[in-house]
Amino acid sequence: MATLQKLRNMGPMLVIFVGVALLAFIAGDAWRILQPHQGSQSVGSINGEEVLATDFQKMYEEYSDVVKALRGANSLSEEELTQVKDQVWQDYVRNKVLKAEAEKIGISVSAAELNAIVSAGEDPILQQTPFTNAQGKFDKSILDNFLAQYAQGNEEFVQQNQMLYNYWKFVEKTIADNALANKYQMLIYNTYLSNPVAAQYSFDANNATYDIELAAYPYSAIPNEDVTVSDAEIKALYDKKKEQYKQSSESRDIKYVSYRVTPSDADRAELQKEMTEYAEALKAEDADCSTILRQASSMVPYTAVGWQKESYPEEVSVRLDEMAINSVVEPIYNQADDSYTTFKLISKETLPDSIKYRQLAVAAATPEATATLADSIVTALKGGSDFAEAAKKYNQNGQEIWLTSEQYEGMNIDGTNATFLKNIFAAKKGEYNIMDVEGSNVKVIYQVIESKNNVEKYQVAVVKRAVEFSSETYNNAYNKFSQFVASCKNVEDLEKNAEEYGYRVQTQKNIYTSTHKIANQNNTRETLKWIFSAAKPGEISPLYECGSNDNLLVVALTDVHEQGYMAIEKAGVTLRNQLFNDKKAEKIMAELAGKNFEAVASTANVKSDTVKHIAFNVPAYISLTSSSEPAICAAVTSMEQGAVSAPIKGNGGVYVIRLIAKNAKDGEYNAQKEQDALKAYGQRATSRFMNDLYEKSEIVDNRYLFF
């Protein structure tokens with residue numbers, strides 16, 4: 001049973017401190033209740049098969065529980081929850097797409113294969129489970145023992161271990177899904193072959209660098225007016241490169257005004273006044289510091305035990321050594337985090353940084369019976385009884401635990417938790433002690449085994465408050481922003497009126513339904529819904545309150561990029577510029593044809609330079625044209641020293657090069673190694689193949705409507 005306790009023991013360092021950890025749990029908006037929507041209750045679809053919002057919510061919660069278990073955490077941040085949501089969707093899409101393709105060609109993962117993977121114990125995910133031995137390695141016998149006990153159906157065992165069982169089923173499913181994906185991808189990868197000829201060429205090209213003289217004729221030297229590009233030519237190039245302008249998902253562009261509400265001078269003065277009052281309250285001889293901090297909503301929790309000074313805010317820690325006990329520092333302004341701080345030094349003492357101890361909690365029918373039971377256990381222990389055996393008798397592991405400062409400093413330590421800490425700090429090494437758990441019929445037997453690293457610890461009551469805007473300040477900002485929004489009927493109004501109101505218009509392009517932040521603000525799901533569900537190009541959104549309830553936002557939809565092929569009108573600018581360069585290249589190459597290097601270098605508009613250390617596998621950056629030129633890398637590898645190239649058409653201009661030197665790198669040719677390296681290109685091809693597979697799967701992502 002000790003092994004099965006691992007998952008439940010992750011994180012909290014002792015039974016009493018579990019309560020402290022639970023106080024830190026903030027559900028946040030992780031588990032949003034699905035709101036009724038008109039129409040479909042689908043978060044998306046894959047090849048026409050809908051994914052219901054309720055099913056996605058279940059997968060989302062399941063994976064969130066797994067992540068929390070692995071991290072030993074009770075809650076996840078908003079950013080982490082967003083990552084979970086995306087990971088669940090990506091995994092679901094991948095598995096659905098791959099399984100559909102795998103079925104067509106008869107690929108699957110059998111129960112025997114899955115069992116073989118688990119038995120081997122090499123999959124990294126298995127090492128993260130609690131089914132590990134003393135060496136930290138996955139042990140299938142421990143898993144088998146757990147599953148056998150669970151299968152027996154003992155109600156108490158099943159109830160206590162339901163979370164662990166669910167976790168294992170998730171791991172098992174993940175291993176099977178990954179195995180199937182690996183099979184399918186390896187099938188594609190192994191279709192890519194290499195040969196000794198290609199290997200030798202690759203080695204020769206990559207095992208040398210080249211120094212060249214270069215003459216560059218930039219395209220920018222020829223005005224666009226000197227060449228003509230017709231609509232027919234643009235259409236022909238568009239048809240040729242059409243696949244490059246295919247968009248798998250619809251996206252939209254916006255312009256927006258975002259305004260963050262900040263405290264006024266009056267708000268700052270009011271907080272400073274309050275902080276002065278808190279400082280006076282702390283000075284009282286009978287000051288109840290815990291109550292004062294709670295009433296003040298201090299950013300620093302109250303602690304009834306000492307912390308190392310580094311655990312306090314910097315404005316506090318740098319002053320502690322100079323302070324007398326019971327002295328109070330007047331309010332200090334911290335510009336770095338825009339806050340005021342006042343504090344009182346309550347005590348200072350030398351305490352261990354780390355303590356190793358063990359504990360056993362017991363309870364009986366009455367307080368008297370509990371006291372008798374605890375005394376009898378301590379008597380037996382002093383008489384030589386084994387602590388671990390005694391703990392096992394009461395369904396506890398009695399293991400030795402290291403308690404370090406970082407495990408409790410920064411937490412709200414009061415009541416029973418503070419009493420426990422003070423008791424173990426005061427306990428003598430090896431001595432058995434009994435402590436009451438306040439408000440319960442429980443006694444804790446504990447023994448300090450070892451302590452080390454004595455350090456100075458300070459008990460300080462810290463009232464720290466950030467400067468925040470008042471409701472009046474927010475209302476004033478809201479009213480002004482509301483007037484601005486009301487004055488804007490279209491995009492032109494937004495841009496024209498923003499400056500008058502003191503706001504700035506910004507642009508955000510390529511917003512997808514999977515986008516999480518508009519204007520880099522949190523809590524903009526309603527804005528995203530407007531952008532995709534209600535808006536038409538040129539329209540202005542309502543006023544949205546977002547961020548951490550401190551930001552005002554208005555959006556104008558400026559463009560819609562439909563799923564499928566980009567309209568030629570939108571691709572036309574890029575295509576026209578490419579045609580301009582193509583035609584300029586023709587003119588330049590005709591002008592340079594037949595000239596030697598010196599003649600090319602002396603041609604009008606041509607610039608010369610020496611470029612060293614060009615490598616075949618790294619595109620050369622040419623500063624004369626401010627462009628990356630892989631064509632030069634390809635050309636130079638087949639040249640003899642002193643040879644001059646024909647004009648080379650590049651991205652930024654036309655080039656003529658003369659090879660000055662070929663510099664061999666240190667390296668020994670290994671045919672097999674080179675062939676293996678070339679075969680690795682199959683990994684890139686496999687990735688591209690998978691992307692193509694997804695694009696053809698008609699994936700619709702409407703999660704933004706629900707989450």
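The values are calculated or read from the model by the stated rules, or taken from the named source; none is laboratory data. Because the structure is a prediction, the values reported are computed rather than measured. Neighbour counts are summed over all protein chains in view; Cβ atoms, including those assigned to glycine, are modelled from backbone coordinates with ideal geometry. Accessible surface is based on the protein model in full, side chains and every heavy atom, while ligands, DNA and RNA are left aside. Shrake-Rupley method; radii C 1.70, N 1.55, O 1.52, S 1.80 Å.
Taken as a whole, the structure places PHE469 among residues that are buried (at least 16 other Cβ atoms within 10 Å of the Cβ), among the aromatic types (Phe, Trp, Tyr), in a loop (DSSP other than H, G, I, E, B) and under 35 Å from the mean Cα position of the chain (by Cα).
Can you name the residue in the range 333-351 that is open to solvent by 30 Å² or more (accessible area, probe 1.4 Å) and aliphatic (A, V, I, L, M) and is also modelled with the lowest pLDDT among such residues? For the range 333-351, the residue satisfying everything is ALA336. Among the candidates ALA635, ALA599, ALA671, the residue that is at pLDDT 95 or above, open to solvent by less than 70 Å² (accessible area, probe 1.4 Å) and not β-branched (Val, Ile, Thr) is uniquely ALA599.
Filtering the range 76-88 to residues that are touching an Asp or Glu at 6+ places or on another chain (Cβ under 9 Å) and either open to solvent by 30 Å² or more (accessible area, probe 1.4 Å) or more than 15 Å from THR174 (Cβ to Cβ) (or both) leaves GLU78, LEU81.
Whether any residue in the range 578-592 is assigned to a loop (DSSP other than H, G, I, E, B) and either open to solvent by 70 Å² or more (accessible area, probe 1.4 Å) or not charged (D, E, K, R) (or both) is what I want to check. No, the range 578-592 contains no residue that is assigned to a loop (DSSP other than H, G, I, E, B) and either open to solvent by 70 Å² or more (accessible area, probe 1.4 Å) or not charged (D, E, K, R) (or both). Here LEU592 passes the criteria (1) of a type outside the set (Ser, Thr, Tyr); (2) in contact with a His (Cβ under 8 Å, 6 or more places away or on another chain); (3) at pLDDT 95 or above except the one numbered (2).
Is there any pair with a first residue in the range 444-455 that is under 15 Å from LYS422 (Cα atoms) and of a type in the set (Ser, Thr, Tyr) and a second that is open to solvent by less than 20 Å² (accessible area, probe 1.4 Å) and not in a strand (DSSP E or B) whose Cβ atoms are under 7 Å apart and which are 6 or more apart or on different chains, and what are they? Final answer for the pair search is TYR446/ILE424. Looking across the range 158-207, just one residue is under 19 Å from ALA685 (Cβ atoms), aliphatic (A, V, I, L, M) and touching an Asp or Glu at 6+ places or on another chain (Cβ under 7 Å), and that is ALA199. Flag: ASP231 does not match the condition of being touching a Lys or Arg at 6+ places or on another chain (Cβ under 8 Å), of a type in the set (Asp, Glu) and either at pLDDT 85 or above or more than 30 Å from ALA664 (Cβ to Cβ) (or both).
Every condition in (1) modelled with pLDDT of 90 or more; (2) loosely packed, with under 14 Cβ neighbours inside 10 Å is met by ASN395 except one, and the failing one is (1). Restricting SER298, SER354 to those that are touching a strand residue (DSSP E or B) at 6+ places or on another chain (Cβ under 9 Å) and at pLDDT 95 or above reduces the list to SER298. Checking the condition touching a strand residue (DSSP E or B) at 6+ places or on another chain (Cβ under 9 Å) and either open to solvent by less than 30 Å² (accessible area, probe 1.4 Å) or part of a helix (DSSP H, G or I) (or both), which residue from TYR210, TYR184 passes? Being touching a strand residue (DSSP E or B) at 6+ places or on another chain (Cβ under 9 Å) and either open to solvent by less than 30 Å² (accessible area, probe 1.4 Å) or part of a helix (DSSP H, G or I) (or both) holds for just one of TYR210, TYR184, which is TYR210.
Residue-level check: of (1) of a type in the set (A, V, I, L, M); (2) within 19 Å of ALA390 (Cβ to Cβ); (3) surrounded by 18 or more Cβ atoms within 10 Å (Cβ to Cβ), VAL463 misses just (2).
I'd like to know if the range 368-382 contains one or more residues that are at pLDDT below 90 and surrounded by 14 or more Cβ atoms within 10 Å (Cβ to Cβ). There is no residue in the range 368-382 that is at pLDDT below 90 and surrounded by 14 or more Cβ atoms within 10 Å (Cβ to Cβ).
On the stretch given as the range 398-428, residues that are closer than 14 Å to TYR446 by Cβ, among the small types (Gly, Ala, Ser) and surrounded by 14 or more Cβ atoms within 10 Å (Cβ to Cβ) total 2.
If you filter the range 383-392 down to residues that are open to solvent by 60 Å² or more (accessible area, probe 1.4 Å) and not in a loop (DSSP other than H, G, I, E, B), you find that the one that is modelled with the lowest pLDDT is LYS392. For PHE707, the conditions (1) modelled with pLDDT of 85 or more; (2) open to solvent by less than 40 Å² (accessible area, probe 1.4 Å); (3) farther than 30 Å from ALA198 by Cβ all hold with the exception of (1).
Could you tell me whether ILE434 is in a strand (DSSP E or B), of a type in the set (A, V, I, L, M, F, W, C), open to solvent by 40 Å² or more (accessible area, probe 1.4 Å) and touching a helix residue (DSSP H, G or I) at 6+ places or on another chain (Cβ under 8 Å)? The answer is yes for ILE434. Taking the conditions (1) in contact with a Cys (Cβ under 9 Å, 6 or more places away or on another chain); (2) within 30 Å of LYS665 (Cβ to Cβ) in turn, SER626 satisfies each one other than (1).
Provide a single number: the residues in the range 89-107 that are farther than 18 Å from ALA53 by Cβ and open to solvent by 60 Å² or more (accessible area, probe 1.4 Å). Residues in the range 89-107 being farther than 18 Å from ALA53 by Cβ and open to solvent by 60 Å² or more (accessible area, probe 1.4 Å): 5 in total.
Counting only strands (runs of 3 or more DSSP E) that fall entirely inside the range 489-570 and contain at least 3 residues that are over 30 Å from SER42 (Cβ atoms) and of a type in the set (D, E, K, R), no element qualifies. Scanning the range 540-557 for residues that are at negative phi and modelled with pLDDT under 95 yields a count of 1.
Looking only at the range 542-595, residues that are within 30 Å of PHE484 (Cα to Cα) and among the polar types (S, T, N, Q) come to 4 in all.
For (1) open to solvent by less than 40 Å² (accessible area, probe 1.4 Å); (2) of a type in the set (Phe, Trp, Tyr); (3) under 24 Å from ALA102 (Cα atoms), each residue gets a yes or a no:
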{"position": "ILE117", "(1), (2), (3)": "no, no, yes"}
{"position": "GLN127", "(1), (2), (3)": "no, no, no"}
{"position": "ALA148", "(1), (2), (3)": "no, no, no"}
{"position": "GLN152", "(1), (2), (3)": "no, no, no"}
{"position": "THR174", "(1), (2), (3)": "yes, no, yes"}
{"position": "TYR201", "(1), (2), (3)": "no, yes, no"}
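One residue alone among ALA215, ALA205, ALA179, ALA148 is of a type in the set (A, V, I, L, M), assigned to a helix (DSSP H, G or I) and closer than 30 Å to GLY642 by Cα, and that residue is ALA205.
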